[in-house]
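The values are calculated or read from the model by the stated rules, or taken from the named source; none is laboratory data. Note that this is a predicted model, so its numbers are computed, not measured. Virtual Cβ from ideal backbone geometry, glycine too; neighbours counted across all protein chains shown.
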Amino acid sequence: MIHIRNISHQVDQVKVSHGAPRLPQQNHISIRTGDVAVSNTPVVLETLLGSCVAVCLFDPILQVGGMNHILLPGSLLDPKSTRFGVNAMELLINEMMKHGGDRRRFLAKAFGGANVMHDVSCSAIGDENAHFVCHFLATERIPLVAQRLGGTQSVRLDFRTNTGKATVHTIDGSRLQKLIHAEEAYRRAHLADREFSGEITLF
């Protein structure tokens, strides 16, 4: 099933005396595997990433931003599912354009692709996901201006659609195990017939 969240409601910002404007908690939207979300109003898109990858796109002139959450590269196993890379990327680009974004101005940021799986046969999935998004963006001539790809640590990603700012936090052990189990379950469901606490702020 394709999950698309087009977030277009008006949002009031809450001013703080120091730092950037802070958005109310109700304007934080959680992105799950296969979700694609785009907004032309201020929203924080959040997701947890292990070996999955998320690509954030931003149009700095119109301040339109969006995110997807990719389970695996390619699309051969399910040509319609946005859990797979090509579908998720094409849908994200199309939704950005529907919201007024000009793809000639799009800037990309990519996160995730960690090798956190215990199964040796799946140990390279994070690397495959990271390679896919870098190759796709290069082919489409969309500049990849920031990234945190690879490694062994799962992360939580927050992306502000009105500024393009992304913040990455490593996640604790209890959330890590839950994330790993969820990713393994997704892959078993879709690939049964195939083998195969620091903080970083990025513009």
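Collect the residues in segment 115-130 that are hydrophobic (A, V, I, L, M, F, W, C), loosely packed, with under 15 Cβ neighbours inside 10 Å and either at pLDDT 95 or above or assigned to a loop (DSSP other than H, G, I, E, B) (or both), keeping them in residue-number order.
Of everything in segment 115-130, just one residue is hydrophobic (A, V, I, L, M, F, W, C), loosely packed, with under 15 Cβ neighbours inside 10 Å and either at pLDDT 95 or above or assigned to a loop (DSSP other than H, G, I, E, B) (or both), namely Ala124.
Take Val133 and tell me if it is among the β-branched types (Val, Ile, Thr), under 25 Å from Asp59 (Cβ atoms), within 14 Å of the chain's Cα centre (by Cα) and modelled with pLDDT of 95 or more.
So Val133 fits the description; yes.
Can you work out which of the residues in segment 148-164 that are touching a Leu at 6+ places or on another chain (Cβ under 8 Å) and buried (at least 19 other Cβ atoms within 10 Å of the Cβ) is nearest to Cys134 (Cα to Cα)?
Once the filter is applied, the top-ranked residue is Arg148.
How many residues are surrounded by fewer than 21 Cβ atoms within 10 Å (Cβ to Cβ) and over 11 Å from the mean Cα position of the chain (by Cα) if we restrict to segment 28-41?
Residues that pass the stated criteria total 3.
Which condition breaks for Thr201 when tested against (1) in a strand (DSSP E or B); (2) of a type outside the set (Asp, Glu); (3) modelled with pLDDT of 60 or more; (4) touching a Ser or Thr at 6+ places or on another chain (Cβ under 9 Å)?
Evaluating Thr201 over (1) in a strand (DSSP E or B); (2) of a type outside the set (Asp, Glu); (3) modelled with pLDDT of 60 or more; (4) touching a Ser or Thr at 6+ places or on another chain (Cβ under 9 Å) leaves (3) as the failure.
Would you point out the residue of segment 15-61, among those that are at pLDDT below 90 and aliphatic (A, V, I, L, M), that is farthest from Ala166 (Cα to Cα)?
Top of the filtered list is Val16.
State the number of residues belonging to segment 43-77 that are part of a loop (DSSP other than H, G, I, E, B) and in contact with a Cys (Cβ under 7 Å, 6 or more places away or on another chain).
2
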